[in-house]
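Shown next, in C-alpha cells, is the structure this report addresses.
The values are calculated or read from the model by the stated rules, or taken from the named source; none is laboratory data. None of the values given here were measured: they were computed from a predicted structure. Every residue, glycine as well, gets a Cβ built from its backbone with ideal geometry; the counts of neighbours run over all protein chains shown. Heavy atoms of the whole protein, side chains included, go into the accessibility calculation; ligands, DNA and RNA do not. Shrake-Rupley method; radii C 1.70, N 1.55, O 1.52, S 1.80 Å.
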Amino acid sequence: MQYGTSDFRKGLKVQIDGEPYLMTECNFVKPGKGNALYKCRLRNLIRGSSLDRTYRGGETLESADVSETDCQFLYAQGDKFVFMENTTFEQYEMTKEQIDDAWKYLKDGMQCMATLYNDFPITINPPIHVELEITYCEPGVRGDTATNVSKPATVETGAEILVPAFVNLGDVVRIDTRTGDYVERVKK
C-alpha cells in the first residue's frame, strides 16, 4: 500500500529503505511559488533514531508492515523481558533497550500492546495508567497535603518517581505511563 502526501499525518507508519518509521511530526508548507512541501520528522521503530525529510506534493511512501497486538507481560529475567501474545500464546523475548522506559511500569500478568514488524516485536506499550505500590520513600509529614512539595519514591517495579509529600510507604499510586508522572493515590 502506498501513502500519498495528502495522507501524511502524525502517527502514520511508513517504510523507508526497508525499515519501519513512525511519523512523529508533519508540517505542511506552501511556498509562494512551486509545489507544496511536507516537512516530516520520522522515528525509526527498530533503532529509535530520528530523521527529518521533506517531500513535495504528490510523492508517495510505502506503508510499513507493522501491526499491533494484545499481549501479557509474563516475567523479567535480568535484562530480558518475556511477553505472551494473547491469541496465539506465542512468547516474545525483548531486551531492556527495545522496551525503553516501559520496564518501569511492567508488573507480572499486566496486559500490554506489542508493535510487531514482520511478526517480530519491536516495541511494547504498557496501559496508559498503572497502579503500583510504593516500596520505599521518606515518611510523610502530617499537614503536607496543601503544598506542592514532591519527594522521590521507589515503586514495586524498581522505578523511581516523584510523588507528593503526603504519600507513604505501602500506598498504591496511579501513574501516567506516557509521562511517568504521579496521578493520584488509590484507595485499597
(message) Looking at Thr179, Thr115 in this structure, which one is open to solvent by 80 Å² or more (accessible area, probe 1.4 Å) and either closer than 23 Å to Asn44 by Cβ or in contact (Cβ under 8 Å) with a residue 24 or more places away in the chain (or both)?
(response) Thr179
(message) Looking at the stretch 62-73, can you tell me whether even one residue there is of a type in the set (S, T, N, Q) and open to solvent by 70 Å² or more (accessible area, probe 1.4 Å)?
(response) no
(message) It is to be established whether one or more residues within the stretch 162-172 are under 21 Å from Pro20 (Cα atoms) and either at pLDDT below 90 or open to solvent by less than 80 Å² (accessible area, probe 1.4 Å) (or both).
(response) no
(message) Suppose we filter the stretch 35-67 for residues that are basic (Lys, Arg) and at pLDDT below 85; how many remain?
(response) 1
(message) From the list Gly58, Gly78, exactly one residue is under 25 Å from Gly158 (Cα atoms), open to solvent by 60 Å² or more (accessible area, probe 1.4 Å) and not hydroxyl-bearing (Ser, Thr, Tyr). Which is it?
(response) Gly78
(request) Specify which of the listed residues (Pro152, Pro126, Pro139) is loosely packed, with under 14 Cβ neighbours inside 10 Å and modelled with pLDDT of 90 or more. (result) Pro152
(message) Checking Thr87 against (1) among the β-branched types (Val, Ile, Thr); (2) surrounded by fewer than 13 Cβ atoms within 10 Å (Cβ to Cβ); (3) farther than 30 Å from Asp176 by Cβ, only one condition comes out false. Which one?
(response) (3)
(request) Filter the stretch 96-131 down to the residues that are aliphatic (A, V, I, L, M) and not in a strand (DSSP E or B), then identify the one that is nearest to Thr177 (Cα to Cα). (result) Ile128
(request) Please enumerate the residues belonging to the stretch 1-46 that are open to solvent by 50 Å² or more (accessible area, probe 1.4 Å), in a loop (DSSP other than H, G, I, E, B) and touching a residue at least 12 places away in the same chain (Cβ under 8 Å). (result) Met1, Arg9, Lys10, Asn35, Ile46
